[in-house]
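Below is one structure, written out as structure tokens; the observations come after it.
Values quoted throughout were computed directly from the atomic coordinates according to the rules given, and no laboratory measurement underlies them. Since the structure is predicted, the reported quantities are computational estimates derived from the model, not experimental observations. Ideal geometry is used to build each Cβ from the backbone, glycine not excepted, and the neighbour counts take in all protein chains shown.
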Amino acid sequence: MDATLTTHNLTRRFGKLTAVDALTLSVPQGAVYGFLGPNGAGKTTTIRLALGLIRPTIGEVLLFGQPLRRRRLQSLRRVGALVEGPSLYPHLSGRDNLEVTRRLTDVTKAQRDRALALVDLEDDADRPVRTYSLGMKQRLALALALMGEPELLILDEPTNGLDPAGIREIRELICTLPQEHGITVFLSSHLLAEIEQVATHIGIIQQGHLIFEGTLDALHAQNEPQLVLEVDKPQSAKEVLHAYGWKVRGNGGHSLTLAVNGAADVARINMQLVQSGVNIYNLNLQQPTLEDIFLAVTQA
Amino acid sequence: MAMIYQSLSAETLKLKHTLAFWLALVAPLSMVVLECGMWFDMNTRVAPPEVDSWLWYGQMIYVFWGLLIMPLFVTLETALVGQLEHAQDHWKHLYALPVPRGFIYGMKQFSGMLLIGISCLVLPFLTALGGLFLRWARPAVELTGPIPWFMLFKYSLAIYLGAWLIITIQTWISQRWKSFVVACAAGVLFTIAGVFVINADWGQYWPWAIAGVIGNEFTKNTLLVPQLLVGSIGGVVMAFFAGWDVARQDVL
């Protein structure tokens with residue numbers, strides 16, 4: 001797959017603070033790329049760099065294989081973006097909000113109305129935006145980003161402040177974009193469970209560095225499943241398992257967690273504990289969630 | 001050309017239902033009402049014997065308009081236009097569009113100029129209307145002659161051109177700094193300073209005083225070309241500088 005968005009050694013400093021540090025990432029065409037990182041990791045700065053809102057100190061951004069610095073306008077014609085909160089004029093109607101941007105770009109009225117339909121705002125399009133709910137505003141901002149029928153959609157925290165129903169609506173919309181409209185999505189979010197449900201690729205940034213990039217499957221493959229045990233004598237169980245070379249972590253109470261390599265390890269641990277006189281109440285082999293992996297990776 | 005037209009129409013659409021738009025009509029109206037109120041109250045000939053009452057009446061309105069009301073109005077108007085974008089953090093959206101940044105700023109500049117231009121276009125009509133009201137309600141003020149339409153429009157245009165420099169400076173301040181207070185405070189301070197420095201030789205070229213200085217020549221029917229050039233050409237130069245400066249700024 002060709003890369004839609006690529007950065008090479010991208011660095012941005014603000015005085016002594018290095019917000020993005022030698023970041024090299026690649027967003028494949030047709031992917032939903034989940035861009036993760038703790039607060040202050042450099043996600044929004046990276047997005048602003050990718051859109052040319054700020055200039056890099058070192059390095060470069062390529063959009064569709066072209067350097068953004070030299071072909072900014074041509075590249076941005078193929079990009080739609082929602083950076084942080086929605087930028088809307090509250091005194092104007094939803095349709096007029098799109099109309100302002102439409103008049104500044106090459107978008108047709110038919111495309112504007114299609115975008116409204118896509119986010120299901122046709123019926124409310126002529127009401128002032130100040131009367132919209134937060135979810136409607138977020139959907140209108142998405143319509144704004146989608147109006148030019150972009151090939152790349154860059155979304156920074158698109159579900160910020162939404163209730164569960166709103167989050168679900170946005171998630172479902174994002175899921176349809178690559179398949180039905182051929183749009184590549186670059187999505188930054190704090191909501192790891194949401195990312196896990198929509199992303200095909202993941203990039204994890206911490207302190208300005210990209211510490212993981214690859215498919216969601218590759219990320220899971222790198223992280224061993226965990227066995228959660230409940231036993232009658234946790235201290236003895238811990239000593240037994242240590243003696244057999246397992247790395248055990250106590251969860252408090254009668255619960256223990258250890259990283260394993262599959263079902264065969266579970267059987268082996270079961271046997272070792274039983275033979276040592278430890279009774280097991282519960283054995284639960286868990287695949288780590290994206291949240292577990294994220295926390296493990298970023299807190300390592 | 002089509003792009004310019006489309007962008008201008010986008011800017012005017014943004015002004016729909018805004019205070020900034022209504023202020024363009026309210027500001028000249030308030031100036032005329034203020035002056036008419038004073039003349040109404042005096043109920044006697046106000047103009048010196050050798051000066052036509054219409055010209056004196058026009059001068060009074062245009063001097064105060066140029067020296068005080070207009071600079072304050074420009075301050076408020078440009079600050080309001082700036083807040084249209086700052087309030088919801090629109091710059092990040094606008095500058096991520098496939099449109100040159102300088103062009104977007106230029107349209108914003110035009111938006112402010114358009115609003116103030118509307119005021120300057122409305123002012124002669126309101127001035128004449130106020131004079132006609134006084135002629136009817138207070139014959140003693142002796143607004144008996146013909147309405148000096150040409151003078152009213154000529155000086156309104158001259159004041160407008162002379163104010164370009166403050167329009168561009170205030171637009172730049174209001175776009176460059178997010179705070180409404182900064183934009184307003186700067187305009188108010190510079191306007192008050194204009195009242196104090198106007199009598200100094202160099203004070204005639206103080207950007208916030210130029211429009212008042214030009215308006216003060218109304219009864220003499222002379223145009224202060226140097227001040228007019230400083231105001232208008234200075235405004236164009238400032239607009240280019242501001243466009244360049246804003247375009248190279250990071251959008252954080």
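General remarks:
- The range A:19-84-the range A:144-159 distance, computed between alpha-carbon centres (Å): 13
- Dipole check for the protein assembly as shown: with +1 at the C-beta of Lys and Arg, -1 at the C-beta of Asp and Glu, and the Cα centre as origin, the magnitude is about 1120 Debye.
- Restricting the range A:180-254 to trypsin sites (Lys or Arg not before Pro) that sit in a DSSP loop and have at most 13 other Cβ atoms within 10 Å of their own Cβ leaves A:Lys247.
- In whole percents, the pair-distance distribution calculated for the range A:30-174 from its alpha-carbon pairs, binned every 10 Å from zero, is 11, 39, 35, 14, 1.
- Cα lying deepest toward the dipole's positive end in the protein assembly as shown, options A:Thr24, B:Gln59, B:Val181, charges on Cβ: B:Gln59
- Of the residues A:Gly208, A:Gly166, A:Ala145, the one whose Cα sits farthest towards the positive end of the charge dipole of the range A:3-221 is A:Gly208 (charges of +1 on Lys and Arg Cβ, -1 on Asp and Glu Cβ, taken about the Cα centre).
- Compared with the dominant Cα axis of chain A, that is its longest principal axis, helix A:234-243 is turned about 90°.
- An ellipsoid equivalent to the range B:2-247, defined through the eigenvalues of its Cα gyration tensor, has semi-axes of 35, 19, 15 Å when rounded to whole angstrom and sorted largest first.
- Cα extents of the protein assembly as shown along the three principal axes, largest first (Å): 121, 48, 45
- The fraction of all Cα pairs in the range B:1-145 landing in successive 10 Å bins from 0 to the largest distance is 11, 34, 24, 16, 11, 4, 0, given as whole percents.
- Sparse packing (at most 16 other Cβ atoms within 10 Å of the Cβ) combined with a DSSP loop state is found for none of the chymotrypsin sites (Phe, Trp or Tyr not before Pro) in the range B:195-252.
- Given B:Lys108/B:Lys178; B:Lys16/B:Lys108; A:Lys16/B:Lys178, the pairs whose alpha carbons are separated by over 20 Å: A:Lys16/B:Lys178
- Whole-Å semi-axes of the range A:1-95's equivalent ellipsoid (Cα gyration tensor): 23, 19, 14
- Annotation: the range A:223-299 has a Kirkwood hydrodynamic radius of 12.7 angstrom, from the mean reciprocal C-alpha pair distance.
- Averaged over the residues of peptide A:81-93, the number of Cβ atoms from other protein chains lying within 10 Å of each residue's Cβ is 5.
- Helix B:53-64 axis, angle to chain B major axis (alpha carbon atoms, nearest 10°): 30
- Cα-derived Rg to Rh of chain A, Kirkwood definition: 1.10
- Alpha-carbon gyration tensor eigenvalues x 5, square-rooted, for the range A:130-233, Å: 31, 19, 13
- Sequence of A:Lys43, B:Lys178 once ranked by neighbouring C-beta atoms within 10 Å, starting from the fewest: B:Lys178, A:Lys43
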